[in-house]
Structures are given as structure tokens and as C-alpha cells.
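The values are calculated or read from the model by the stated rules, or taken from the named source; none is laboratory data. Remember, predicted model here, so these are calculated numbers, not experimental data. Glycine also receives a Cβ, built like all others from the backbone with ideal geometry; neighbour counts cover every protein chain displayed. Remember, those area values only see protein heavy atoms, side chains included, never the ligands or the DNA or RNA. Shrake-Rupley method; radii C 1.70, N 1.55, O 1.52, S 1.80 Å.
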Amino acid sequence: SSAVCNPVMLGEDGNVLLVTGSNMAGKSTYLKSIGLNVALANAGGPVCAKGFRWTPVEIHSDMNVRDSLDDGKSYFQVEVERVRTAITRAESTPRVLAVFDELFRGTNSTERVALARAILRHLRSTGALVVVATHDASLTRLVTEEHEPGMINVHFRESVEGRDMRFDYRLREGPA
């Protein structure tokens, strides 16, 4: 009864969804919900939606990245490998959903933004579906100023009431 329904529509009109908003506003939960519903649909299971149309896709994710000391891999290397796999698969088939939460968050801001911009443009050109959460307002300029085709900005909002932050977890159009 307390679930907040938020739509997602990716395809011909837009295949890259840039999700912005403050911490705790719902970005990561939204990304996980998308990935989970697509995984359930791919397996023939029920989804949590009022309506759902999709083409089966491979799901590639860059969320909850951890370094792997056992394998001698840094956080950055693990993330690069995950993103590289998504890119490689998207170059083979447009039936890819890439879900990225804060691409290269451990990298300096100049390199992080340059990497993210290049990756998003390339994935868009392959026809892959991409949902990315970011705090980098400069990435939203791909839509607002550079008018990149196929990219859409959406955001979650917070309000401050006295000393409390409040979140309605409703997705809105445009950048935060």
C-alpha cells in the first residue's frame, strides 16, 4: 500500500535514461526495480507494474561494486570490467539493458564525467537500453544543452521541512 509507482519507457523515443536527485531520494531503488522487473519478465515471472511490454534483453549492471582482494582487483578495475562487458555485448546485439549507478564514482570528477559521457554516447549509438543514476549535473547537459538524441533526463526531488528532509519518491521529468 505504500509503494510508489514510477514509469519507465525506453525504446525508439529514448534509449538512455539519466536519473538525478539527492542521496536517499530513490535513484538506486528505481534502478534496482527496473532491473528486477526485467529479470522477472525474462524468466516468465510476474512483474510489479500496471502494464508491461518488453523485448527480452540481457541485463548488465554496474551496481554495488566491490573490490576483490582475492582476485587482486581494485574497485576501479571491477567497475571497468563490468562496463566493458556491457559495451561489448551492446556492440553485438541491441537487446541489452545496462543499469549503472554512479559510473566511476571513485574517479576524479574530470575523468569520471569524460568516461561517462563517452560510454553513454556509445551505448546510445548501439541501440542498447541504458538507465544511469548520477549526481553529475554536467551529464544532464547531454540532454538540456547538447540535445543528444535518444537521451532523457528524469529526477527525484526532496523537500526540507525544518530540520527534516522528506522524499515523495516520485519520478519527474527533467534534471534535478
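For MET24 and GLU12 in one chain, what is 0.36 nm times their gap in residues minus the Cα-Cα distance, to one decimal in nm?
1.3 nm
Give the share of C-alpha pairs in each 5 angstrom bin for the stretch 74-160, from 0 to the last occupied bin, in whole percents, shortest bins first.
3, 13, 25, 25, 19, 11, 3, 1, 0, 0
Give me, ordered by chain and number, the residues 5 or more places off ARG157 or on other chains with an amide H under 5 Å from its own placed amide H.
ASP168, TYR169, ARG170
Just add up the charged neighbours of HIS122: K/R +1, D/E -1, any other residue whose Cβ is under 14 Å from the Cβ of HIS122.
Every neighbour counted, the sum reads +3.
Give the calculated FRET efficiency between ARG121 and THR85 to the nearest 0.05, with a Förster radius of 22 Å applied to their Cβ-Cβ distance.
0.75
On a full-extension model of 0.36 nm per residue, what is the gain between ARG105 and CYS5, subtracting their alpha-carbon distance, rounded to one decimal in nm?
Length difference between fully extended and current span is 33.2 nm.
Quick check on the chain: helices-only [θ] at 222 nm, where DSSP H runs of length 4 and up contribute -39,500 (n - 2.57) each and the sum goes over total residues. Nearest 500, please.
-11000 deg cm²/dmol
Run a plain Debye calculation on the chain (Cα atoms as equal point scatterers, no solvent) and give log10 I(q)/I(0) at q = 0.09 Å⁻¹, rounded to two decimals, same order as the q list.
-0.31
For TYR169, TYR30, what's the largest-to-smallest order of accessible area, 1.4 Å probe?
TYR169, TYR30
Roughly to the nearest percent, how much of the accessible area of the stretch 10-99 is carbon and sulfur, given a 1.4 Å probe?
51
Using a Gaussian network model of the chain with C-alpha springs under 10 Å, which one of LEU129, LEU115, LEU103 is most mobile by mean-square fluctuation?
Among LEU129, LEU115, LEU103, the largest mean-square fluctuation in the Gaussian network model of the chain belongs to LEU115.
Below 8 Å, C-alpha to C-alpha, sequence gap of six or more: please give me the relative contact order for the stretch 27-176 in percent.
It comes to 18 percent, rounded to a whole number.
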